[in-house]
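The values are calculated or read from the model by the stated rules, or taken from the named source; none is laboratory data. Source: prediction; values computed, not measured. Don't worry about glycine lacking a Cβ; one is built from the backbone with ideal geometry, like all the others, and counts go over all protein chains shown.
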Amino acid sequence: MAVNRRDFLKLSATVAGGSMLAGGGIAGMLMAGDRGGAAATVHSVPTVCEMCFWKCGLIARVVNGRVVKLDGNPLHPQSRGKLCGRGQAGIGLLYDPDRLKRPFIRGGVRGDGRYRPASWNEALEITADKLKAISAKYGPESIALFSHGTSGDYFRSMVKGMGSPNITFPSFSQCVGARNVGYELTFGESPASSCERVDLTRSKVIVLIGTHLGENMHNTQVQDFAEAVANGARLIVVDPRFSTAAAKAHSWLPIRPGSDTALLLSWINVIISEGLYDKEYVARYTEGFAELAQTVREYTPAWAARETDLSESQIIETARQIGANSPNVCIHPGRHTSWYGNDTQRARAMAILTALLGSWGREGGIWLAPSAPLAKSPAPEFPEAARPDVIAGGYPFVGGEGLTNAVRDATISGNPYPIKAWIMVGTNLLHTLPDPRQTMAAIGKLDLLLAIDVMPTDSVMQADIILPESSYLERADDLFVVKQKEAGIAIRQPAVSPLHESKPGWWIARELMLRLGLEKFAQPANFEQKLKAKAEKWGINFAALTKNGYIPVRTTSGPYISESNQPVFGTKSGKIVLASAELREHGFDAVPRYEKVPQPETGQFRLLYGRSPLHTFSRTANNPQLNELVSENEVWINSAAASRLGIGHGAYVRLVNQDGVRSNRVRAKVTQRLRDECIYLVHGFGSTSPWLTKAHNKGVNDQQLITRYAVDPISGITGMRVNFVTIEKEA
Amino acid sequence: METTILGLNSATFPHLHIWDWRVALYLFLGGLTAGAMVMSSVANLRKDKSSLKEKACCVRLPLIAPLLLAVGMFFLFLDLENKKNMFWFYMTLQPLSPMSWGSWALLAVYPVMILFGLSVLPEEFYPRLPFAFLKRLAATLQPQMRRLAAANFVMGILLGVYTGVLLSSYVARPLWNSALLPVLFLISALSSGAALAIIMAKQDKAKLFFTKVDIWLLFAEIFVLVGLFYGHYSSTEAHREAIMPFFDISSQHFPYAISIILLSIVLPGAIVLKFLEVRVDHEGPIVGRAKTQMITSAALVLVGALIIRFAIVYAGQLSSLSRYTSIY
Amino acid sequence: MPRYAMLIDQRRCVGCMACIVACKNENKVPPGMYRTRVAETTAGIFPKLRMELRSELCNHCDHAPCVDACPTGASHKEADGSVQIDKSRCVGCKACMAACPYDARYVHPDGHVDKCSFCNHRTKVGKAPACVETCIGGSRIFGDLNDPNSEISRRLREHHVRVLLPEVGTKPKVFYINRFSTPGQEG
């Protein structure tokens, strides 16, 4: 089946977000029974978390209308009865006094923090009027959407309904894009459904390239990771930093940043030359092996040792461990892979290695996405956009996700056509897009900057109109189709009514669409009814769903390859593509080749960034329960480097990048846990928003220092680990 | 070694701080009371006096003692976080809790002190007593004075030693966890009691007597203090670490180093002054320069006792059986 | 009558700190105060490093110095083996805090001293403590030592375990399967 990638992704995007539901009535339904008047009303509401984007099922304990505890829903396969620290701290978000409580309209100039509160009606009317005006003057394509999280779906309908194709997701352009495209070019699909389909608990060897599981707190995956470690799975961690995962590894390869592809190619070299690959699998399911073998011939371990600054014996040994245990080897595909601008080819190398080991569709590797036959809703008939999106052929392998950076470029330059309105839904663009100076320049060109969010982040504080969204604990959303090895449906329903004057995203979008004459694309006022109907169409008992939070559905395919369960590869040939003709057609290497990236000079340090298990990007920095544990980030500096600079542990320093941008002061963590040409920061701090009283001016904003970025020519994503900083001691 | 710990309580990290100057002050006043009790008993038990007037010495001391103790206990009460529950101390006796023993003992000392104090009072003082029944009581108790003095002596020892026992019972606080601590506290208590007696005694002979007593006590105190430090030094690592603040002149531990320095001036200084006092051939009353000298040395002793209590209460909370310095 | 204890498998702990937050919400622990903590210690010189992740809490010792030290009997040992604080009897003298070698206690703003209760409000209805239930790594195991078939009893038989400060003689009931240096080795 020949499916052009762009279409394929657009399709999958629509299906995943296809069913929209509302839950305003559900809370009422739940509370109604309790209004009878017992002294303390205690009830449990199963719903779905959105402290990050894993979407674990949880059960909220509500006493007298107040959420007192959040527990994992034991029935939900993404949480299995457990919630991480952020999930537990949802209560902190719900009752954060710094939340956006009502709509605001900008009073002064952008960014001066002067807002006047407005009624919903006024704010919605003004927004709709502005959107209509911009659409009339510049065309509907001049309206762009940046979204992250469930609510984005509703605004996507609105923007598409208006006739704009410019819908973008930082989660693609700044995060998973390269990986998805790399694996799609190889297997015809991304390695993730609801989550990365890594079968860790059955792996004999787990290989993490930069993935810092444990600090990267993705619930189910970390549960599986801990289980695998306890079961004695051999762990190989490739990371310039001694992460928590590295601390559990049998082999920690402290690789020189930028050279991961060299390591991967030399592993492939060893595995092929020593015949350690799954020959049967390769013969049956792959094409292009000969070209692959030829291309990697030059990438010997000795060569790779020089590039990676690892020892040749370590490279050979780990390659042999990987090969010897095929197919039960998990090459974790990673998640945030936008590093150096050559990341799609690195993802290709990882995908190719996975294929050689025969681990796609095998135990301990990547399980096959389950097929759950659910009746599809008819796709809404959105109007055809008059002009294509601003990427327009610039990055042919980007599908329906759009490119945030391309939209920003168009906004600044006016080419191919001006973008005059940005709608930000649950995304803090100033901390998300590289080079915030450009983001500010782009914002300066806009006639409208609209923010829909729960918290007053830095980006929200630039907006012309702020619309306060209810948190996930106060609203209903679409039914979630959860795909682990099994599949099921999960429901999000309000645990409490919306606090203050916040409203669910579906309601905000609906109200705007009513005023834009787009009611047919909006959610019905009776969200619950549609939800119920949808569940019934899928053969699910709605009452059971609201009671249990998750109902499994039958799957028609299994996770592992067997004679009766054959994998389907959505590539042109129907086989796994080791040497990609498609890439060659577009002028790229059919088999990944190694490209060196520039290294920092002496006295400079490459800026690396990562995650804290207690925080989600910049979203949670102000959460009282999380802020009290981790209120600011620290800059990790190698001990030897620090003593050369005379910096003591705990001293305050400033970071200055290659473009002269100077950071706020930040505490130094002098450590042995890092290569000495790197520094490391946890992302998401250094907020400039004075309304975030706990997060304001705490720590340093790494994104501010990421003014240089390398755009990957294949997937268009922005590689952001290409900035070099010097360190200044505080006077 | 790099350590990051999340979930620390400020009351216990970076070190314990639950007891402050209020507790230290109580320990000082409690010790002072104990010493006063013992000294006043000793003064009135000595057999080389014939007349009651001569015998009855330090009559104000036994009556001041309960006031001192009451002030001390007031500060202790201030330290309680849940004051309204204070009566629970007296609803139970916890057999292994020195604090429980102490709470009952503190109650028990008052009647002993007061009764003894009344029994020692010379008849000339009876008109000064506020109530008639007190005068009668005093008269009744007078023949029992020796017995009461013995009881007062014993209670004084117990009071002087129990605070040391209490602190030394905490295995988690290595600085305190020494068999010598109760001994040190007792000697310090007796010494400060003697110093108070010196200041308060009306008779020069009594003053001189307590001076001599105090010399012995001070020697013993210095000996025990050194013994305490040496004992910790030669004990486990936690104990060695516990005495480190006293020898650390960094800004963080400066007060402790200062306290050692002061003690090594104050205590021997007091001894020297006292030797001078007892060497001088006292003909006639001790007045003028000699008196000032005597009072000064007594004051030095009291200051020394205060420093010891404060230093030990605060430094003890710095010490712990810390586990974060090593990886297992 | 059960005899409750906890086993912490340090090999599985990933330092996610979920236990700290879950405990705080479950037990309404005041801001800035904690009933459990997680220590992350790294030793060695790059690149030869090793790390230990260790969570600590009240050990509900069988010979608890805090119970001995308490003058009112507020701190007491219950039949299920846990050490609990009767808030109505606590005077806030803090002798127990001085006595505890594990720094497990804190002063609650209401005036009494407080600490981990092994979530006895949950254990008495058959649920695991909040930290155990949410532990992402599956590192915390809780159960009845008097039941030879309980998971904790089984694991204690299978593994070499240690306790914190064994020489002090508190007989703690939180056991650790230790993890340091190379994986696959136990301490």
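Remarks
- On inspection, A:A349 fails the criterion of being assigned by TED's automatic domain parsing to the domain that holds A:L131, of a type in the set (G, A, S) and modelled with pLDDT of 95 or more.
- Number of the condition not met by C:K48 [criteria: (1) more than 7 Å from every other protein chain (Cβ to nearest Cβ); (2) buried (at least 20 other Cβ atoms within 10 Å of the Cβ); (3) charged (D, E, K, R); (4) more than 20 Å from A:I91 (Cα to Cα)]: (2)
- Residues that are of a type in the set (D, E) and surrounded by fewer than 24 Cβ atoms within 10 Å (Cβ to Cβ) within segment A:49-70 are absent altogether.
- Single residue of segment C:17-27 satisfying the filter (within 7 Å of chain A (Cβ to nearest Cβ) and in a helix (DSSP H, G or I)) that is surrounded by the fewest Cβ atoms within 10 Å (Cβ to Cβ): C:N25
- The criterion of being crowded, with 20+ Cβ neighbours inside 10 Å, touching a strand residue (DSSP E or B) at 6+ places or on another chain (Cβ under 7 Å) and either farther than 23 Å from A:E595 by Cα or not assigned by TED's automatic domain parsing to the domain that holds A:H615 (or both) does not hold for A:D278.
- The residues on offer are A:E582, A:E536, and the sole one that is part of a helix (DSSP H, G or I) and within 16 Å of A:I352 (Cα to Cα) is A:E582.
- Residue list for segment C:118-140, restricted to those being under 11 Å from the mean Cα position of the chain (by Cα) and either of a type in the set (K, R) or surrounded by fewer than 21 Cβ atoms within 10 Å (Cβ to Cβ) (or both): C:R140
- Consider segment C:1-15 and keep the residues that are part of a loop (DSSP other than H, G, I, E, B) and out of contact with any helix residue (DSSP H, G or I) (no Cβ under 6 Å at 6 or more places or on another chain). The one that is farthest from the other protein chains (Cβ to nearest Cβ) is C:M1.
So that you can scan it fast, the table gives a plain yes or no per residue for (1) in contact with a Pro (Cβ under 6 Å, 6 or more places away or on another chain); (2) under 18 Å from B:S40 (Cβ atoms); (3) of a type in the set (K, R):
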| residue | (1), (2), (3) |
| --- | --- |
| B:A70 | no, yes, no |
| B:N85 | no, no, no |
| B:S100 | yes, no, no |
| B:L115 | no, yes, no |
| B:P122 | no, yes, no |
| B:A139 | no, no, no |
| B:M155 | no, yes, no |
| B:L167 | no, no, no |
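- Pairs meeting the criteria (first residue in segment A:519-547 and acidic (D, E), second residue assigned to a loop (DSSP other than H, G, I, E, B), beta carbons under 8 Å, at least 6 apart or on different chains) are A:E528/A:L21; A:E528/A:A22; A:E528/A:G23; A:E528/A:A476.
- Hits in segment A:209-234 - residues which are crowded, with 23+ Cβ neighbours inside 10 Å, aliphatic (A, V, I, L, M) and facing chain C (nearest Cβ under 9 Å): A:L213, A:M217, A:V222, A:A226, A:V229
Let's see how each residue does on (1) within 12 Å of another protein chain (Cβ to nearest Cβ); (2) within 27 Å of the chain's Cα centre (by Cα); (3) part of a loop (DSSP other than H, G, I, E, B):
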{"residue": "A:R654", "(1), (2), (3)": "no, no, no"}
{"residue": "A:D676", "(1), (2), (3)": "yes, no, yes"}
{"residue": "A:L681", "(1), (2), (3)": "no, yes, no"}
{"residue": "A:F685", "(1), (2), (3)": "no, yes, yes"}
{"residue": "A:S689", "(1), (2), (3)": "no, yes, yes"}
{"residue": "A:L692", "(1), (2), (3)": "no, yes, yes"}
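- Residue match in segment A:99-108 (condition: surrounded by fewer than 24 Cβ atoms within 10 Å (Cβ to Cβ) and within 14 Å of chain C (Cβ to nearest Cβ)): no
- Enumerated helices (runs of 4 or more DSSP H) restricted to segment A:74-154, each holding at least 3 residues that are of a type in the set (A, V, I, L, M): A:90-94, A:120-138
- Yes/no for A:E307 being acidic (D, E) and part of a loop (DSSP other than H, G, I, E, B): no
- Applying the condition of being surrounded by fewer than 19 Cβ atoms within 10 Å (Cβ to Cβ) and over 13 Å from C:G73 (Cα atoms) to segment B:92-105 and asking which residue is farthest from the other protein chains (Cβ to nearest Cβ) yields B:A105.
- Residue in segment B:76-91 that is nearest to the other protein chains (Cβ to nearest Cβ), counting only those that are surrounded by fewer than 17 Cβ atoms within 10 Å (Cβ to Cβ) and without any contact (Cβ under 8 Å) to a residue 24 or more places away in the chain: B:M86
- So C:P31, is it within 11 Å of chain B (Cβ to nearest Cβ) and closer than 19 Å to B:N9 by Cβ: no
- Of the residues contained in segment C:94-115, none is found to be surrounded by fewer than 19 Cβ atoms within 10 Å (Cβ to Cβ), away from chain B (no Cβ under 11 Å) and more than 24 Å from A:R80 (Cβ to Cβ).
- Selection count where residues are surrounded by fewer than 24 Cβ atoms within 10 Å (Cβ to Cβ) and touching a helix residue (DSSP H, G or I) at 6+ places or on another chain (Cβ under 8 Å), scope segment A:72-88: 4
- Number of the condition not met by B:A132 [criteria: (1) exposed (fewer than 14 other Cβ atoms within 10 Å of the Cβ); (2) small (G, A, S); (3) within 8 Å of chain C (Cβ to nearest Cβ)]: (3)
- Matching entry among A:L235, A:L264 (being farther than 28 Å from A:Q78 by Cα and among the aliphatic types (A, V, I, L, M)): A:L264
- Verdict on A:R611 being in contact with a Pro (Cβ under 7 Å, 6 or more places away or on another chain) and farther than 15 Å from A:T344 by Cβ: no
- Scanning segment A:387-430 for residues that are of a type in the set (S, T, Y) and part of a loop (DSSP other than H, G, I, E, B) yields a count of 3.
- Conditions (1) surrounded by fewer than 19 Cβ atoms within 10 Å (Cβ to Cβ); (2) facing another protein chain (nearest Cβ under 8 Å); (3) among the small types (G, A, S): number failed by C:A79: (2)
To keep it simple, each residue is scored yes or no on (1) over 30 Å from A:V63 (Cβ atoms); (2) among the small types (G, A, S).
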{"position": "C:A18", "(1), (2)": "no, yes"}
{"position": "C:K28", "(1), (2)": "no, no"}
{"position": "C:P31", "(1), (2)": "no, no"}
{"position": "C:Y34", "(1), (2)": "no, no"}
{"position": "C:V38", "(1), (2)": "no, no"}
{"position": "C:N59", "(1), (2)": "yes, no"}
{"position": "C:A64", "(1), (2)": "yes, yes"}
{"position": "C:T72", "(1), (2)": "yes, no"}
{"position": "C:R89", "(1), (2)": "no, no"}
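- Some residue of segment C:53-63 being surrounded by fewer than 19 Cβ atoms within 10 Å (Cβ to Cβ), farther than 30 Å from B:V165 by Cα and within 9 Å of chain B (Cβ to nearest Cβ): no
- The lone criterion from (1) outside any loop (DSSP other than H, G, I, E, B); (2) within 14 Å of chain B (Cβ to nearest Cβ); (3) under 14 Å from the mean Cα position of the chain (by Cα) left unmet by C:G143 is number (2).
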